[in-house]
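Engineer: First, the structure itself, so that you have it in front of you.
What follows is calculated from the coordinates using simple rules that are stated; it is not laboratory data. As the structure is a computational prediction, the values presented were derived from the model and not from experiment. Cβ atoms come from the backbone with ideal geometry, glycine included; neighbour counts cover every protein chain shown.
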Amino acid sequence: MLTIEVKRALTVDDELEPKYYIEGSCLSTDTKETTGIGNGSILFEMDTGTMYKFDEENAAWRAW
């Protein structure tokens, strides 16, 4: 289960899909969302100890 501890809106324009900066934790087996996530968002995998930052341009979570 993905748990989000911090969530801040990055877009406020009604015409754009909302994007959020998030900081959260999950397990390596959890699905990591890529829609609506802002660049530089952070996820920590509790079972592997790996920290990820979100690469918005490529819609991918990158190990950090």
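Engineer: By DSSP, what percent of the beta bridges with both residues in the chain are antiparallel, rounded to the nearest 5?
Structural biologist: So the antiparallel bridges in the chain amount to around 70 percent.
Engineer: I need the phi-derived Karplus couplings for region 4-9: 6.51 cos²θ - 1.76 cosθ + 1.60, θ = phi - 60°, integer Hz, Gly and Pro marked x.
Structural biologist: So the Karplus estimates, Gly and Pro as x, are 9, 8, 10, 8, 10, 5 Hz.
Engineer: Find me the longest stretch of the chain that has none of the exposed GluC sites (Glu not before Pro), where exposed means in a DSSP loop (not H, G, I, E or B) with at most 11 other Cβ atoms within 10 Å.
Structural biologist: In the chain, the maximal stretch lacking such sites is 16-56.
Engineer: Oh, and also: Provide the per-residue ³J(HN,Hα) series for region 28-43, in order, calculated from phi with Karplus coefficients 6.51, -1.76, 1.60 and θ = phi - 60°, each as a whole number of Hz, with x at glycine and proline positions.
Structural biologist: Per-residue couplings from phi come out as 5, 8, 6, 6, 9, 4, 10, 9, x, 9, x, 4, x, 4, 10, 10 Hz.
Engineer: Between residue 50 and residues 5 or more places away or on another chain, which pairs have amide H atoms under 5 Å apart, with H built 1.01 Å from N, and which residues are they?
Structural biologist: The list, which skips near neighbours in sequence, is 45.
Engineer: Please list log₁₀ I(q)/I(0) at q = 0.16 Å⁻¹ for the chain, using the Debye equation with identical point scatterers on the alpha-carbon positions.
Structural biologist: -0.48
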